[in-house]
Structure formats: structure tokens, C-alpha cells
Amino acid sequence: MMASFYRLRNSIKNYAWGSRTALNALFGVPNPDEQPQAEIWMGAHPAGCSEIEIGAVSISLQDAIAQSPETVLGERTAEKVGQLPFLVKILAAETALSLQVHPDKRQAEEGYARQGNRAGDDYNDANHKPELVYAITPFMAMNGFRPYPEIVNHFLRLNSPELMPALTEFRTNLNADGFKRFFVCLMQLAPQAKSNVLKQLKESLEAGGFVHLQEFLIRLQQDYPGDIGILAPLFLHCITLEPGEAMFLQGGTLHAYVHGTAVEVMACSDNVLRAGLTPKKINVPELVNCTVFSETHEHTLKLVADTAGTDRHYPVPVEDFRFSVMGNCQQKRIEVDSAQILLVLEGFTTLRDTRGEEMRLRAGQSVFIPALTEAYFLTQTGQSCLVQC
Ligand SMILES: [Zn+2]
């Protein structure tokens, strides 16, 4: 790879929860068959690797990196990680994604080894998956456990006989361990008990209960009838990120994205353990092993960006990636000290390197910049986001 800029050709994941219109409306992505278009992956993960063009030949980014890791990734990353450490996605959720948790590094290594170091039922690789989500449109999500007294109040109001013994026990052990036991009981209700609890929630909603959670509860009820994950708003924070707002989720955080379009940046991993809101495999014991049952506080959920002119940098406590969003600029110099992916979110962007090589991109297009590029100049009307490590 001797050029400074490589336009990315990215694969689209047609998961059932995807929007049929969002990617077309925002970025002009064609959708002639009106398929659900859930995710666009930008990166080198084997489950959805981007392609680049070298001369007239199309080659996977993974192969291009493997041919000369030091020049593409930079010495530091080539030595430490040996691959592109991050993965970037655009998510377009029409219905909710599964109620899920991502493992930390040790859990992923152990889980993957238990599967004989092969992608399998629970683990797809040996990496952790901390993630950042940045809203492009208003983005509804559930993230992190509510304070325990709030969870207790919600379930007292639901007043379900099936849950009362477990709830009473939780109230006398109002701590992470007590909550963990309550959560396991909830997720593993027998079919009849589950359907009774969901019926009680429905009646409670119809009677005007849970007013502040209605938007989430009604949506989940419609999307996943009969699924115990519908109860998640009673124990998880419900939040709507406005465009430009972002959250960071460390491994072990229970969450579900509900509706809207966002950029998601994560360590290069596809490890997801699920508890509900999905027709995919559910593994409650493994999910519980990987979940941190501490309560979290709503005001800590959103990331506070460092702002400099029209640039915003969103600090994250991991080394796998850095994430910034850049606004209008003229010949703004960008230093390159690792491989980068730049994704245009709005308008037009031109990149020009110090030798005069130039690339022009519009909203929805993305470019891979190898570490050897060293520096380039950015001119844009609109917005783009930059991921590097
Ligand atoms: Zn996730």
C-alpha cells in the first residue's frame, strides 16, 4: 500500500432489525429490494471485512494489512496488536437490537479458548468489545442498570405475584448480589409465569402506568411480543441521544439499542452475549458471568466532548480507538500516527496529502488512511468522523 488514501467498499448486514429507508435517505445507499439494512461495517474484521482497490485489483483490507503491517498500522500497533484494533459501523435500527453484554478481554480469551479457538455459539473471537455510540439521528437506547431502589419501585408498581418472592429477597439484599439473583430469576421465568408477567405489564400500560417509560415499553412490546426483554426499561436506563451526542460502554454493561441511526466504534470484535429481544441464541448463564451488576447513574451516561473550534473529541478509557467529529474546515492539517478510518457524515470532504494526492468523498463514503501517510489536509463543508488508535 503506497498511496495515502484508499476508498472503502463496505459490506451491509441485512439483519431483521435494520431500517429499510434510513441508509438510503441519509447516505443514498441503494436498496432496490427494500431489504432491512441494519449495519455497514468499516474495518478488517473477518466477519465483514472492507475492500480497497490497489491499481485495478480489489483486495480485502485484512489482506492488505497482512502484506505490510508496519507501514499500514504503524510500528506500535503492528507490534502490539498485529491487526486493525478497531471496527467502525453505521447502525440503522428500525426495531430494537438484542438485550446484550460484551465480554471483557479475559472473558473473551477464556470463552474463545473453551470453543477450541474457533468462532462458535457464544464467542466469535478472543477480543473484548468496548463500544462508543454516536447519534446521527435521535437515537433511543437502554444502557446500564438503574439505581436499585428505582428498580424495586418499578417492580412494586408492576405488582406481579410471580415476581414478589424474588423482589422481597432483593429488597432485603439491596446490592449487586441481590440484584443479580433477581435478574436471573426474571430472565429464567417459566413460560406461563413469563406470559403472566408480560400480561400484567400490558394491563398496567393500558391503565396509564409507567408514563415516563411508555415510549420504550410500547415499542418493545410491538417489536418482540412475548419476549421477557420487554421488561428491560424497568431496570435499565432509557435514554435518547440527540444528534451529536455519544455514549461509551465498557465490557460488562447490559444494554440494547432501540431505534435510530448512529455511528458505532468498537474494539475489533464481534462478541455478543444475549438475554432477550432477539430470535438469536440466548445464553443467560454466560451473559450473567460477563455482566457487572452495579447500579449506574443517569448523568454519567453521556460522554462529554472536548471541543476545539469545529472539532469535538470524545474521550474513551480504552486504547483500541480514539474518536473525533470534525466540522467545516479549510486545509486543516491532520497528523497520522496510526491507521485511520474517516467517514463523511454530512456534505463533502476533500483529503489532500503533502504530495498532492487527493480524494473527494460525500456523505456516507469512507476512506482508509495507512499510518505511512504521516499527514494530510482536510477541507470540508459538513461533517466527518475520524477513528484512529
Ligand atoms: Zn453492544
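Quick one: would you say ALA166 is touching a Lys or Arg at 6+ places or on another chain (Cβ under 9 Å), free of Cβ contacts under 8 Å to residues at least 60 places away in the same chain and either within 16 Å of the ligand (Cβ to nearest atom) or assigned to a helix (DSSP H, G or I) (or both)?
Considered against the rule, which asks whether it is touching a Lys or Arg at 6+ places or on another chain (Cβ under 9 Å), free of Cβ contacts under 8 Å to residues at least 60 places away in the same chain and either within 16 Å of the ligand (Cβ to nearest atom) or assigned to a helix (DSSP H, G or I) (or both), ALA166 comes out as yes.
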Quiz item: Can you pull out the residues in segment 266-276 that are crowded, with 19+ Cβ neighbours inside 10 Å, within 12 Å of the ligand (Cβ to nearest atom) and assigned to a loop (DSSP other than H, G, I, E, B)?
Solution: SER269, ASN271, VAL272
Quiz item: Would segment 148-155 turn up any residue that is within 16 Å of the ligand (Cβ to nearest atom) and open to solvent by 50 Å² or more (accessible area, probe 1.4 Å)?
Solution: no
Quiz item: From the list ASN196, ASN159, ASN173, which residue is open to solvent by 20 Å² or more (accessible area, probe 1.4 Å), over 30 Å from VAL88 (Cα atoms) and in contact with a Lys or Arg (Cβ under 9 Å, 6 or more places away or on another chain)?
Solution: ASN173
Quiz prompt | Residues satisfying the stated conditions in segment 60-88, i.e. surrounded by fewer than 17 Cβ atoms within 10 Å (Cβ to Cβ), in a strand (DSSP E or B) and either modelled with pLDDT under 95 or within 16 Å of the ligand (Cβ to nearest atom) (or both) | solution = none
Practice problem: Restricting attention to segment 140-181, report how many residues are within 25 Å of the chain's Cα centre (by Cα) and of a type outside the set (A, V, I, L, M, F, W, C). | Solution: 5
Quiz item: What is the number of the single condition among (1) more than 12 Å from the ligand (Cβ to nearest atom); (2) at pLDDT 95 or above; (3) surrounded by 24 or more Cβ atoms within 10 Å (Cβ to Cβ) that TYR123 does not meet?
Solution: (2)
Exercise. Please specify each residue of segment 89-111 satisfying the condition of being open to solvent by less than 10 Å² (accessible area, probe 1.4 Å), modelled with pLDDT of 95 or more and more than 14 Å from the ligand (Cβ to nearest atom).
Key: ILE90, ALA92
Exercise. With the condition kept exactly as written, say whether any residue in segment 257-265 is within 16 Å of the ligand (Cβ to nearest atom), under 12 Å from the mean Cα position of the chain (by Cα), open to solvent by 40 Å² or more (accessible area, probe 1.4 Å) and not acidic (Asp, Glu).
Key: no
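The values are calculated or read from the model by the stated rules, or taken from the named source; none is laboratory data. The shown structure was predicted, so the numbers you read here are calculated from the model rather than taken from an experiment. Here Cβ is always computed from backbone atoms with ideal geometry, including for glycine, and neighbour counts include all displayed protein chains. The accessibility values were calculated without ligands, DNA or RNA, using every heavy atom of the protein model including side chains. Shrake-Rupley method; radii C 1.70, N 1.55, O 1.52, S 1.80 Å.
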